[in-house]
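Okay, structure first, notes after.
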Amino acid sequence: MTRRTALTALAALSASAQEKRLTANDVIERIKKNIGVPWKTPTVDTFKAGNPDTAVSGIAVTMMATLDVLERAAAANRNLVITHEPTFYNHLDNTADLAKQDDAVLAGKQAFIQQHNLVVWRFHDHWHARRPDGILAGMTHALGWEKFQNAANQALFTLPRTTLNNLAESVKQKLNIRVVRVVGDPQLEITQVGFLPGAAGSPRQIRLLERDDVQALLIGETPEWETVEYVADAVTEHKPKALIILGHIPSEQAGMEECTRWLKTFINEVPVEFIPAREPFWLPKS
């Protein structure tokens, strides 16, 4: 083989390899084929930043694409970031109002994404739509509550008898949460628990609390004048009700770790890594 022939063959092989490189859009199409539920529109499960045709060097899966997460993803050469929650501070990732104000925080985050050739895609609606719900499945596994889960309603759990204080402390330790807030009598005896990760909305939260078979409800977050006030009034009325507020990120984080495991079952061309978002809250030292 002449040198020219060898170079031609090498160039052809290189071009072929380039053609076969996995793009961000390829990954998302594969997710759609494997998700197991119909893909519906409109949806927030769309690209939020970057070029979908970008070749993927690695995938970072996270609960929330904070700048801190993006920095760790870029440092690890994971240029496709799959995030459960918004990247730009509202549910629809609408940046128009902040852009009009030349917001420096928004501009800094967008500049980092562009400079590091990152692609950000949100995976929210359809991961929740899976049966079982991908987030709840991951959280149930992290808590070790699989054998306590109600088969007919997977948001319900019957636990060994404990107190509200001990339940809150157990969840805090298992999920490695710095700040957990609790409404209710610390000594309330509990066996029946509901769990609605994230921001399920006060109507859903209160409907679950209305049930006779729910004594304590675990949630990610809620406006304090809604579900919190409802439980506070229930406690004043001497009803056996309690609320444990985990924070949005800790209440869904393990669900995206579960997503990482799932993605690895059909994506093997590039590394797929779970990059946890850091809990933003902390307690001052006394």
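What follows is calculated from the coordinates using simple rules that are stated; it is not laboratory data. The structure displayed is predicted, hence computed values, not measured ones. Every residue, glycine among them, receives a Cβ derived from its backbone with ideal geometry; neighbour counts consider all protein chains shown.
If you average the sequence gap of Cα pairs under 8 Å that are 6 or more apart and divide by the length of region 134-246, what percent do you get for the contact order? All intermediate terms of the calculation are to be shown ahead of the outcome.
Values: 185 pairs, mean separation 29.2, N = 113.
That works out to 26 percent.
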In the chain, what percentage of the DSSP-assigned beta bridges are antiparallel, given to the nearest 5?
40 percent
Per DSSP helix of 4 or more residues, -39500 (n - 2.57); summed, then divided by the residues of the chain. What does that give at 222 nm, rounded to the nearest 500?
-12000 deg cm²/dmol
Based on Cα positions only, what radius of gyration and what Dmax would you give for the chain, in angstroms?
22.4, 91
The chain: angle of helix 134-143 to the longest principal axis, Cα-based, in degrees nearest 10
60 degrees
Taking the Cα centre of region 134-246 as origin, sum charge times position over the Cβ atoms of Lys and Arg (+1) and Asp and Glu (-1), and report the length of that vector in debye to the nearest 20.
400 debye
Overall dimensions of region 239-286 by Cα: Rg and Dmax, Å
16.4, 55
What order do you get for V270, V61, V44, V69 when you list them from fewest to most C-beta neighbours inside 10 Å?
V44, V270, V69, V61
Once the Cα atoms of helix 24-34 and of the chain are each reduced to a long axis, what angle between those two axes, in degrees from 0 to 90 to the nearest 10, is obtained?
50 degrees
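Highest mean first, what order results for 106-112, 275-281 on Cβ atoms within 10 Å? Present the calculation step by step, with values, prior to reporting the outcome.
Details: 106-112: 14.7, 275-281: 17.1.
Per-residue mean Cβ counts within 10 Å order the peptides as 275-281, 106-112.
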Using only Cα atoms and rounding to the nearest 10 degrees, what angle (0 to 90) does helix 248-263 make with the longest principal axis of the chain?
40 degrees
For T66, T87, T23, order by how many other beta-carbon atoms lie within 10 Å, fewest first:
T23, T66, T87
Tell me, what ³J(HN,Hα) does each residue in region 172-182 have, in order and in whole Hz, if you take phi through Karplus 6.51 cos²θ - 1.76 cosθ + 1.60 with θ = phi - 60° and put x for Gly and Pro?
4, 6, 5, 9, 6, 9, 6, 10, 10, 10, 10
Can you sort E85, E229 by how many other beta carbons sit within 10 Å, fewest first?
E229, E85
Extending each Cα 7 Å along its Cβ direction at L67 and N90, get the distance between those two points in nm, one decimal.
2.0 nm
Hey, in the GNM for the chain with a 10 angstrom Cα cutoff, which one of I177, I82, I59 fluctuates hardest?
I177
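If I stretch the segment between F148 and K239 completely, what's the gain in nm (0.36 nm per residue apart, minus their alpha carbon distance), one decimal? Before the final figure, lay out the partial values.
On the way: separation 91, 0.36 × 91 = 32.76 nm, distance 2.36 nm.
Extra length from F148 to K239 when fully extended: 30.4 nm.
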About the Cα centre, charge dipole magnitude for the chain (Lys/Arg +1, Asp/Glu -1 at Cβ), debye:
1140 debye
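Consider all pairwise Cα distances in region 134-246 and report the whole-number % of them above 24 Å. Write down the numbers at each step before the final one.
Details: 909 of 6328 pairs.
Of the Cα pairs, 14 percent sit more than 24 Å apart.
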